[in-house]
Amino acid sequence: MAGDGVRRRDFINIAAVSFAGVGGLAALYPLISQMAPSADVLAESSTEIDISAIAPGQAIKAVWRKQPVFIRNLTPEEIKSADAVDVASLRDPQTLEQRTTAGKTNWLITMGVCTHLGCVPLGAGEGEVKGEFGGYFCPCHGSVYDTAARIRKGPAPKNLEVPPHEFSSDTVVKIG
Amino acid sequence: MSFPWANEYKPSHPLMQWIDEKLPLPRFVYNAVGAGYPVPRNLNYMWNFGVLAGFALVLQIVTGVVLAMHYAANAGVAFDSVEHIMRDVNWGWMLRYAHANGASMFFIVVYTHIFRGFFYSSYKAPREMIWLLGVVIFLLMMATAFMGYVLPWGQMSFWGAKVITGLFSAIPLVGPPLQEWLLGGFAPDNAALNRFFSLHFLLPFVILGVIILHVWALHIPGSSNPTGVEVKQESDTVPFHPYYTAKDGFGLGIFLMVYCALVFFAPNLLGHPDNYIPANPLSTPAHIVPEWYFWPFYAILRAFTSDFLIIPAKLMGVLAMFSAILVWFFLPWLDTSPVRSGHYRPLFRKFFYALVIDVLVLGYCGGAPAEEPYVMISQIASMYYFLHFLVILPIVSSIETPQPLPFSITEAVLGKDEHATLAPATPPSAPAVA
Ligand code: HEM
Ligand code: FES
């Protein structure tokens, strides 16, 4: 290599520092990764819920992944008012059918986590305010959801999330 | 340090001479906050708040370290361990109230310190770096106080953690995974509580480090003063010790009286009663608010209720809230007037007071429920806030005719008197009483 301007020393220098740099970055990876959800938190727990006692117009709060889930038995009027909306006009356009299981459109199952900053909206508990669209109302910053739990007003960007779920029988739903 | 007439450290005791040769730490202290640091002779009480902020930090570290001896950072027992501190630990109630109210006092002092900077334009050259480091300290303080408030694991702790980490979920694409990474889960739980405790313990020491840089940067040009006229001669300054150690000592006495009144007579005045309810992940309190010192920024966050062009309302609110502080970084370059002090800037002064009122209004709205008329008032006040920094300040700086400045600090203090002793040989004696 002598003569072309690059000395043996330069090569060794660059190689050594690059190697140390790569090593430093590699050491950073576990330091950052340790903060991500751990295996026990991630363990895809699923939970089975008996819904036989929920009358039309009622809702319950269940827990999945340590977060609240709303299970709501919609009345025919609530379904009608959800279907009456022009989907294209919504902030997060979805129909009630897309958000429920075929043949069981009365069972609206959503996370009880406001898509704004994560508060639990009101409307699932007995006597709680449901907001002007009859669904849910988030008191934190005033997001209003309709009877299909779609965002209609306020700062939240998305509809309440529908968690993966399936009906094990007519009276039991499995979430997760 | 900075002026040629600064007193030199001359230890007389042999032990001190010995130490000075091996490690000149006493010399460093003497030059930083002792008789070796010449300071403008005309500082008013607004210049007390830097030292007070330093005191508040020490207070938080001392009370915090002892609280950490009794506190348990586990979601199952954290709330009970705080109640154990309150009821069973000797003097535990006092230490906890001292720490919680110490945080409030810290913010009162730092807000005053920052607004002193706004009024006297302390951010202008050659003190930009001091100002930038100050804004960094403020951001670190906010992070520290937020994580501290999560530790008692009450309802406000839990929902505060959820909402504030939820801010990050507004960032496009990486937002939701980022929030999960910050929390170590899908909602605040043990993982989040533990890391918040670890960082709440660490960050005050990082703040201490940045404060050292802040004071280091300060000692290069030296302190500014209420006239904004730079030091020209020896008669403009007095040594920090004993003049300002005495004045700061007096200020500290007042600070402690207010602080003790809070700790002993109204320890929960600035807190929220809901934080005495254990965290419940299934039920959000009807009215969640952060600690009072975050209210102005919280009001800006909530002011954005509908989408702006292609930016969703949620992201807009988050961007605005962070920008409200980040805009301070640009202040040295937004205010282009050659005159520093608000005393000599009649138009600027009016807008300064308008900003104070605007921030108080924002603070009030941030603590109020998210309903009308507060939302609309927050919207107007948020707009004015940004207008002040980005539009009003640059325009005022260029159209305003400042009032004439005194020739020097000494002239400002003693008047344009033929007898005013301006000779460089004047010993830095006590300011003459006119
Ligand atoms: C910048 C300095 C600091 C600020 C602004 C600050 C702020 C706070 C706040 C607001 C709380 C909640 C108080 C409550 O409502 O109970 C808190 C709690 C706590 N802090 Fe700090 N803190 C600081 C420094 C420290 C340090 C240095 C330590 C430990 C080395 C510490 C340890 C604790 C502990 C153990 C708690 C939980 C006990 C409690 O809730 O009273 N803090 N802090
Ligand atoms: S968290 Fe629901 S509106 Fe903000």
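Hey, can you tell me all the residues within the range B:363-398 that are outside any helix (DSSP H, G or I) and away from chain A (no Cβ under 14 Å)? Listed by number, the list is empty, since nothing qualifies. Within the range B:246-269, residues that are touching a residue at least 40 places away in the same chain (Cβ under 8 Å) reach partners that are open to solvent by 30 Å² or more (accessible area, probe 1.4 Å) and not β-branched (Val, Ile, Thr) with beta carbons closer than 6 Å, at six or more positions or on different chains, in the pairs B:Val263/B:Tyr97; B:Pro267/B:Tyr97. Just one of the listed residues (A:Gly123, A:Gly112, A:Gly135) is away from chain B (no Cβ under 14 Å) and away from ligand 1 (no atom under 16 Å from the Cβ), and it is A:Gly135.
When B:Leu59, B:Leu95 are screened for being over 16 Å from B:Phe197 (Cα atoms), open to solvent by 40 Å² or more (accessible area, probe 1.4 Å) and within 11 Å of ligand 1 (Cβ to nearest atom), only B:Leu95 passes. With respect to the conditions (1) open to solvent by 40 Å² or more (accessible area, probe 1.4 Å); (2) within 30 Å of A:Ala156 (Cβ to Cβ); (3) within 14 Å of another protein chain (Cβ to nearest Cβ), A:Ala39 lacks only one, and its number is (2).
For the range B:28-38, the criterion of being over 27 Å from B:Lys247 (Cα atoms), more than 16 Å from ligand 2 (Cβ to nearest atom) and touching a residue at least 12 places away in the same chain (Cβ under 8 Å) is met by none of the residues.
Quick grid of which residues meet (1) within 16 Å of ligand 2 (Cβ to nearest atom); (2) within 14 Å of chain A (Cβ to nearest Cβ); (3) within 19 Å of B:Tyr71 (Cβ to Cβ); (4) surrounded by fewer than 21 Cβ atoms within 10 Å (Cβ to Cβ):
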position: B:Ala103; (1), (2), (3), (4): no, no, yes, no
position: B:Val110; (1), (2), (3), (4): no, no, no, no
position: B:Lys124; (1), (2), (3), (4): no, no, no, no
position: B:Met129; (1), (2), (3), (4): no, no, no, yes
position: B:Leu133; (1), (2), (3), (4): no, no, no, yes
position: B:Val136; (1), (2), (3), (4): no, no, no, yes
position: B:Leu140; (1), (2), (3), (4): no, no, no, yes
position: B:Gly148; (1), (2), (3), (4): no, no, yes, no
position: B:Met156; (1), (2), (3), (4): yes, yes, yes, no
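Evaluation of B:Thr144 against the conditions (1) open to solvent by 10 Å² or more (accessible area, probe 1.4 Å); (2) more than 19 Å from B:Ser104 (Cβ to Cβ); (3) polar (S, T, N, Q) shows that the sole unmet condition is (2). Is at least one residue of the range B:278-290 on the phi < 0 side of the Ramachandran plot, buried (at least 20 other Cβ atoms within 10 Å of the Cβ), assigned by TED's automatic domain parsing to the domain that holds B:Tyr149 and hydroxyl-bearing (Ser, Thr, Tyr)? The answer is yes, given that some residue of the range B:278-290 is on the phi < 0 side of the Ramachandran plot, buried (at least 20 other Cβ atoms within 10 Å of the Cβ), assigned by TED's automatic domain parsing to the domain that holds B:Tyr149 and hydroxyl-bearing (Ser, Thr, Tyr).
Scanning the range B:204-228 for residues that are among the hydroxyl-bearing types (Ser, Thr, Tyr) and part of a helix (DSSP H, G or I) yields no hits at all. So in the range A:74-107, with the set limited to residues that are under 30 Å from B:Met316 (Cα atoms) and of a type in the set (A, V, I, L, M, F, W, C), which one is most open to solvent (accessible area, probe 1.4 Å)? Taking the candidates together, the pick is A:Ala88. Residue count for the range B:274-300 under the criterion of being within 8 Å of chain A (Cβ to nearest Cβ) and within 17 Å of B:Leu167 (Cβ to Cβ): the result is 2.
Screening the range B:195-208 for residues that are of a type outside the set (Phe, Trp, Tyr) and either open to solvent by 30 Å² or more (accessible area, probe 1.4 Å) or within 16 Å of ligand 2 (Cβ to nearest atom) (or both) and picking the one that is farthest from A:His116 (Cα to Cα) gives B:Leu208. Selection of the range B:369-380 for residues being open to solvent by less than 30 Å² (accessible area, probe 1.4 Å) and more than 15 Å from ligand 2 (Cβ to nearest atom) yields an empty set.
Could you please let me know if B:Val359 is at pLDDT 95 or above and either within 14 Å of another protein chain (Cβ to nearest Cβ) or surrounded by fewer than 19 Cβ atoms within 10 Å (Cβ to Cβ) (or both)? No; evaluated as a whole, the condition is false for this residue.
Under the condition of being open to solvent by 30 Å² or more (accessible area, probe 1.4 Å), within 14 Å of chain B (Cβ to nearest Cβ) and either in contact with a Phe, Trp or Tyr (Cβ under 7 Å, 6 or more places away or on another chain) or not in a strand (DSSP E or B) (or both), the residues counted in the range A:48-73 number 3.
Only one of the numbered conditions (1) free of Cβ contacts under 8 Å to residues at least 40 places away in the same chain; (2) in contact with a Gly (Cβ under 6 Å, 6 or more places away or on another chain); (3) within 14 Å of chain B (Cβ to nearest Cβ) is not met by A:Lys130, and that is (3).
For the range A:138-160, a residue qualifies if it is touching a residue at least 60 places away in the same chain (Cβ under 8 Å) and more than 8 Å from chain B (Cβ to nearest Cβ), and the qualifying residues are A:Asp146, A:Thr147, A:Ala148, A:Ala149, A:Arg150, A:Ile151, A:Arg152, A:Lys158, A:Asn159, A:Leu160. Count of the range B:170-194 residues, restricted to those that are open to solvent by less than 50 Å² (accessible area, probe 1.4 Å) and at the interface with chain A (Cβ under 7 Å from one of its Cβ atoms), is 6. On inspection, B:Val77 passes the criterion of being of a type in the set (Val, Ile, Thr), over 24 Å from the mean Cα position of the chain (by Cα) and either more than 13 Å from ligand 1 (Cβ to nearest atom) or open to solvent by 40 Å² or more (accessible area, probe 1.4 Å) (or both).
Tell me yes or no: at least one residue of the range A:25-39 is closer than 27 Å to A:Val129 by Cβ and not acidic (Asp, Glu). Checked the range A:25-39: no residue is closer than 27 Å to A:Val129 by Cβ and not acidic (Asp, Glu). Contact map, the range A:26-49: residues that are farther than 30 Å from A:Val172 by Cα paired with residues that are assigned to a helix (DSSP H, G or I), Cβ distance under 6 Å, separation 6+ or inter-chain. Pairs shown: A:Met35/B:Trp181; A:Ala36/B:Trp181. Counting the residues of the range B:309-352 that are assigned to a helix (DSSP H, G or I) and either more than 19 Å from the chain's Cα centre (by Cα) or within 14 Å of another protein chain (Cβ to nearest Cβ) (or both) gives 20.
Candidates B:Ala261, B:Ala279: the one that is touching a strand residue (DSSP E or B) at 6+ places or on another chain (Cβ under 8 Å) and among the small types (Gly, Ala, Ser) is B:Ala279.
The values are calculated or read from the model by the stated rules, or taken from the named source; none is laboratory data. No experiment lies behind these values; they were computed from the predicted model shown. Because the Cβ atoms are built from the backbone with ideal geometry, glycine has one as well, and the counts that use them run over all protein chains shown. Accessible surface areas use protein heavy atoms only, side chains included; no ligands, DNA or RNA. Shrake-Rupley method; radii C 1.70, N 1.55, O 1.52, S 1.80 Å.
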